[in-house]
Amino acid sequence: MLTKKLYISFKYAFAGFWFCIKNERNFRVHILAALTVVLLSPYYGFSPEQGVLIAIVIALVLICEMFNTALEAMVDLETTEYNELAKKAKDVSAGAVLVAALCAIACFLFLFLKADIIHNIITDITSSALKSVLAALYLAAGYFFVRWRR
């Protein structure tokens, strides 16, 4: 019985995650940014503590975006006409995402903005035709992923 309840709770959780991917462009932007950070991380040789920080910051942004989506859905369920309190709730929720995203950008600048490593990444990618093609495909796939509409 516990296993079935656990399965159902995971099913609903994944449904919520998938809803955000399908319906929220900004969530897809954050997913793409997170994947890019994860793919670039091996070039930097981060310590375990830095890796944990990166994971926490990624989770923070995604969680805030998901709560923003949930709050907007609840507000829209309550009222379809303009309401100043509804606007405030949506704006504050979006502001929380902005704060989390700015925190992520600050962490990115501190951890990833190292000219020598960026040069090594570019050199590594451009030194191999296969890596160049894969990088171009990644960028194209990322563009279409973000722009994707159901």
Considering only region 15-28, I want to know if a residue exists there that is touching a helix residue (DSSP H, G or I) at 6+ places or on another chain (Cβ under 7 Å), without any contact (Cβ under 8 Å) to a residue 24 or more places away in the chain, surrounded by 12 or more Cβ atoms within 10 Å (Cβ to Cβ) and more than 30 Å from A115 (Cα to Cα).
yes
Cβ-Cβ below 9 Å, separation at least six or inter-chain, first residue in region 82-103 and within 24 Å of A55 (Cα to Cα), second surrounded by fewer than 16 Cβ atoms within 10 Å (Cβ to Cβ) and of a type outside the set (D, E, K, R): which pairs?
S93/F67; S93/A70; A96/F67; V97/F67; A100/I63
In region 111-149, residue surrounded by the most Cβ atoms within 10 Å (Cβ to Cβ) [restricted to those that are of a type in the set (A, V, I, L, M, F, W, C) and outside any helix (DSSP H, G or I)]:
W148
The lone condition V75 fails out of (1) in contact (Cβ under 8 Å) with a residue 60 or more places away in the chain; (2) β-branched (V, I, T); (3) over 25 Å from F144 (Cβ atoms) is (1)
Need at least 2 residues that are in contact with an Asp or Glu (Cβ under 8 Å, 6 or more places away or on another chain) and not basic (K, R) per element, so show me which helices (runs of 4 or more DSSP H) inside region 1-110 make the cut, counting only ones lying wholly within it.
25-40, 48-78
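Coordinate-derived values only; no laboratory data. Please read these numbers as outputs of a predicted model, since none were measured by experiment. All Cβ positions, even for glycine, are placed from backbone atoms using ideal geometry, and neighbour counts span all protein chains on display.
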